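The values are calculated or read from the model by the stated rules, or taken from the named source; none is laboratory data. Note that the structure is predicted; figures quoted are calculated from it, not measured. In this analysis, Cβ positions are derived from the backbone assuming ideal geometry, glycine residues included, and neighbour counts consider all displayed protein chains. To get the accessible areas, we keep the full protein, side chains included, count just its heavy atoms, and leave off ligands, DNA and RNA. Shrake-Rupley method; radii C 1.70, N 1.55, O 1.52, S 1.80 Å.
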Amino acid sequence: TAAGRIFECVGKDLARLESTVEQLSIYIHPRTMITATDVDLLLGKTAEQDVFLLMDSLIEKNAFAALARLRRLWQEGSHGIEILAVLAMQADKLKKALAMLLQGASGETIGAELKINSYHLEKFLRQLERLSPEKLRILANGILETDHAIKTGKTEQASAVELLVLRLCEEPSLV
């Protein structure tokens, strides 16, 4: 829904919500109904949001969903290196959050420290619950190996990222 997309992009900050709705109202005028497409066009659907969902598919070892998400990212103009960079950022955030959690930090503290939007925090914490330090190491190593294969010309970007997705979905210790 449009409201869900706005909340996903802006979070719970009432001033930002008000400003965003006002901008959207001006954008869609003379129409009066804001659609999810309007939100995506004005606020932009970021690769980071899609890669977050890609990470969910990897953690769930759902190769079909992960490959479908990858294809959507490519159709929207994302490149393999960009996808890997955002995956690496997400893995790094998960690693930091896991360390904080093991030291007794609350979910709210983790969200504030890592600057995670309140809307995404619950989803992020669900990802975190399903990972261990070993699983994060496997994920990070896979990302690094894929990045190296692309940058050294061993593998074309799309193929390298697809192979990473398939390897991670088959990895017995990732779940």
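What accessible area per residue, rounded to a whole number of Å², is obtained for the chain using a probe radius of 1.4 Å?
Numbers: 9850 Å² over 175 residues.
Result: 56 Å² per residue.
Just tell me the longest site-free run in the chain, where the sites are trypsin sites (Lys or Arg not before Pro) in a DSSP loop having at most 14 other beta-carbon atoms within 10 Å. Could you put the intermediate results ahead of the total?
Working: sites that count: 12, 31, 115, 130, 154.
My reading of the result: 32-114 is the longest stretch.
Applied to region 95-108, the Karplus parametrisation 6.51 cos²θ - 1.76 cosθ + 1.60 on θ = phi - 60° returns per-residue 3J(HN,Hα) values of 4, 4, 5, 5, 4, 5, 5, 5, 8, x, 5, 7, x, 5 Hz, with x for Gly and Pro. Dimensions of the chain from C-alpha coordinates, computed as largest minus smallest value along each principal axis and given longest first, are 52, 41, 25 Å.
How much of the calculated P(r) for region 123-175 lies past 14 Å, in percent of all Cα pairs? Walk me through the intermediate numbers first.
Working: 785 of 1378 pairs.
Within region 123-175, distances greater than 14 Å cover 57 percent of Cα pairs.
Seen against the Cα atoms of the chain and their longest principal axis, helix 14-28 is set at about 70 degrees.
If a/c stays under 1.5 just call it rounded; otherwise compare a/b with b/c (prolate if a/b is bigger, oblate if not). Do that for region 79-175, with a ≥ b ≥ c from the square roots of the Cα gyration tensor eigenvalues. If you can, show how the numbers build up before the last one.
On the way: a/c = 2.55, a/b = 1.90, b/c = 1.34.
Taking the square roots of the gyration eigenvalues as a ≥ b ≥ c, region 79-175 is prolate.
Calculated mean residue ellipticity, 222 nm, the chain: -24000 deg cm²/dmol, from DSSP H runs (n ≥ 4) at -39500 (n - 2.57) each, averaged per residue and rounded to 500.
Tell me the carbon and sulfur percent of the accessible area for the chain, rounded to whole percent, probe radius 1.4 Å.
Working: 5580 of 9850 Å².
Answer for the chain: carbon and sulfur cover 57 percent of the accessible area.
Classified by the C-alpha gyration tensor, region 82-138 has an oblate form. Its axis ratio a/c, with a ≥ b ≥ c, is 1.5 or above, and a/b does not exceed b/c.
Please state the charge dipole magnitude for the chain, taken about the Cα centre, from unit charges on C-beta atoms (+1 on K and R, -1 on D and E), reported in debye and rounded to the nearest 20. Walk me through the numbers on the way to the answer.
Details: 21 positive and 24 negative charges, 36 e Å.
Around 180 debye, computed over the chain.
The charge dipole of region 119-175, taken about its Cα centre with unit charges on the Cβ of Lys, Arg, Asp and Glu (plus for the first two, minus for the last two), comes to roughly 120 debye.
Take the Cβ atoms of residue 154 and residue 85, set R0 to 22 Å, and the FRET efficiency comes out at 0.75.
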